[in-house]
1. Which log10 I(q)/I(0) values does chain A give at q = 0.11, 0.14, 0.16 Å⁻¹ under the Debye formula, counting every alpha carbon as one identical point scatterer?
2. For chain A, set up a Gaussian network in which alpha carbons nearer than 10 Å are linked by springs, and say which option among A:D344, A:D109, A:D118 fluctuates the most.
3. For A:R338, go 7 angstrom from Cα along the Cα-to-Cβ vector, then report the distances to that same point in the other copies in nm, smallest first.
4. Can you list, shortest first in nanometers, how far B:L13 lies from the same residue in the other copies, with each label 7 Å from Cα toward Cβ?
5. Relative to the first principal axis of the alpha-carbon coordinates of chain A, what is the inclination of helix A:243-258, with its axis defined by its Cα atoms, in degrees from 0 to 90 and to the nearest 10?
6. For the stretch B:69-129, which GluC sites (Glu not before Pro) are in a loop by DSSP, counting at most 14 other Cβ atoms within 10 Å?
7. Among B:D69, B:D129, B:D312, which one moves the most in a GNM of chain B with springs linking Cα atoms closer than 10 Å?
8. Would you mind computing, in nm to one decimal, how far apart the modelled labels at B:S282 and B:R31 are, each placed 7 Å from Cα along Cα→Cβ?
Protein chains: 2
Amino acid sequence: MRTDLTLAETLSLIRPVDPVKLAAVQARLDRQTKPRGSLGRLEELACRFVAITAREEIRRKSVFTFAGDHGVVQEGVSAFPREVTPQMVLNFLEGGAAINALARHAGADVVVVDMGVDYEFVPHAGLLDRKVGRGTANLARGPAMSRAAAVRCLEAGIAIAFDCREKGIDLVGTGDMGIGNTTPSAAIAAVFTGRPVKTVTFRGTGIDDEALARKIRVIEEGLKVNAPDPSDPVDVLAKVGGYEIGGIAGLVLGCAAAGVPVVVDGFISTAGALVASELHPSVREYIFAAHRSVEIGHTGMLERIGQQPLLDLGMRLGEGTGAALAMTLVEGALRSLREVRTFDEAGVSEGNER
Amino acid sequence: MRTDLTLAETLSLIRPVDPVKLAAVQARLDRQTKPRGSLGRLEELACRFVAITAREEIRRKSVFTFAGDHGVVQEGVSAFPREVTPQMVLNFLEGGAAINALARHAGADVVVVDMGVDYEFVPHAGLLDRKVGRGTANLARGPAMSRAAAVRCLEAGIAIAFDCREKGIDLVGTGDMGIGNTTPSAAIAAVFTGRPVKTVTFRGTGIDDEALARKIRVIEEGLKVNAPDPSDPVDVLAKVGGYEIGGIAGLVLGCAAAGVPVVVDGFISTAGALVASELHPSVREYIFAAHRSVEIGHTGMLERIGQQPLLDLGMRLGEGTGAALAMTLVEGALRSLREVRTFDEAGVSEGNER
């Protein structure tokens, strides 16, 4: 099976999730010993997972943490210095970051995808080298990257999704690392939701009021200088996006095309997922929104995608940490689908529910 | 170590969680390689668990599903017939219900506590016989139980908590089974929150509009006939509560006294936890509120307790299903506390967060 699909080929493969398959799983859940629908969103997770994969059990889970640097950090939009991007990538590879801990908790692998970190890494089993450049250009002054580079990012992500299908990875999580990357994410949020920049821009890793005001100005300038076209998602990604955001967008697109459910982490991952879902309307049906980030621009993007977040725990870390946690809910949902007996099997009387 | 404490002895043992210990855990989290506070409520979970237990790892987890029958079902307040209570208890003991599946998912045992089911069970390893009666009296016509019976329920739950401490069960979950038990729970919600009955009463396992209107009338009558005194929580439990609700209240009280964190499930469990937290104001600090139930009376009780639910997944099953899921979040929080490296260990530059 080919994994090196073009963007156009990928888009042509994406189909809505089959409503007949969804209904068949729900019918099974409705015969189990519990009031109908009483497991709430766990039932939705089970239905979608099974309808997409035709499986009831997850063989392997992986979180892909896409990393990239951002030219816009020179505008002073982040609380952390740029060298933290490669430092954290090394921390991921050594297993010492929050995503490693939470992925171990979830029984998932962590794979770091270098989409564009300004650093040359030594090869490592947990690192995919998909470097498109050594950091984007400063989006406040011009396009973050060329259109060709944006397509390369998308196709790198797409290939990972098809590779997951080959390897029996039945549930994929997205994650990000890139100092400065809430800035392009907020820009993407503003473009696709049409909301004013100041209503979708927040503190990232913890900037103060002055830096937040600067960040808002920088994004406003970037949108003015670049004039990204919301009807052309690749244009938006190229002009005000980032390499890791493009990789995430490609992974989400590829998952929809390959039939792999994808758990989308927080603010940055959702910016990537939004680019993907603007490219094809059925992409959203393959997305499990992991959690609601503290970032104020997150909710508008989730609404645009049409997915409700599973968790709301005040998290704002990225890396895929929310995705890893949310994967455990999908596991729980499937466990319940597989193991709960029906009214007949258990000899329990049925109710007269409305 | 004695486990057969009286209610008064138990209340005398309850202390606030030590703020110095909480701050020490937070200080450790703040040195880890992530923006300060960026794991949100996971950090709160880790702080409280460690401050309460002086441990960073959970040795054993158990969900206690308290079961009881309710005289008020003769008023037609439930979508399921009364015999479903013992049928579901047998289903739990055979491992076939949703709580069994989700507890296996969480790595927790399920223990069923018969507080007052109208059925004689054959002894079983997973069943504790703490029967106080064979179903409560109809709370619409008079007290559900005597004050002495209410104290027996509380002390049965207290003993279980102290037994957990002896057995190395470091995290306890609450659950319930009892056809009709959203009716006493809504009554308890109305009494302690002071809200009108119709604003705290909902569909339980799935009653229609007519039955819901009847349920509201029944509770209003019960409150009028019994006049429970909100300043005397044992009086409230006796007059409009239930045996399993009393057992849950006792377990939560006992956990606070024994220093065992307790994950409180949904609507019925929260009614029990509310009785406990009205008996002693520090009880709430030992409670992890698992999830927000679909039942409309739940939020007011959680506000009164002062705990935010961890999950909001549209669940309304009870049994301890939400508690089992939320236990996995506590596990994740502790994993992160134990395994994430500090900035120094990882060689990562620190930020200038506000």
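The values are calculated or read from the model by the stated rules, or taken from the named source; none is laboratory data. Just so we're clear, the structure is a prediction, and the values are computed from it rather than from any experiment. Heads up, the Cβs are rebuilt from the backbone with ideal geometry, glycines too, and the neighbour counts pull from every protein chain shown. Surface accessibility is based on the protein's heavy atoms, side chains included, excluding ligands, DNA and RNA. Shrake-Rupley method; radii C 1.70, N 1.55, O 1.52, S 1.80 Å.
1. Treating every Cα as an identical point scatterer, log10 I(q)/I(0) equals -0.66, -1.03, -1.32.
2. A:D344
3. 2.4
4. In ascending order, 6.1 nm.
5. 30
6. Working: sites: B:E75, B:E83, B:E94, B:E120; in loops: B:E83, B:E94, B:E120.
Those that pass, being in a loop and sparsely packed, are B:E83, B:E120.
7. Checking each option, the largest mean-square fluctuation is seen for B:D312.
8. 2.9
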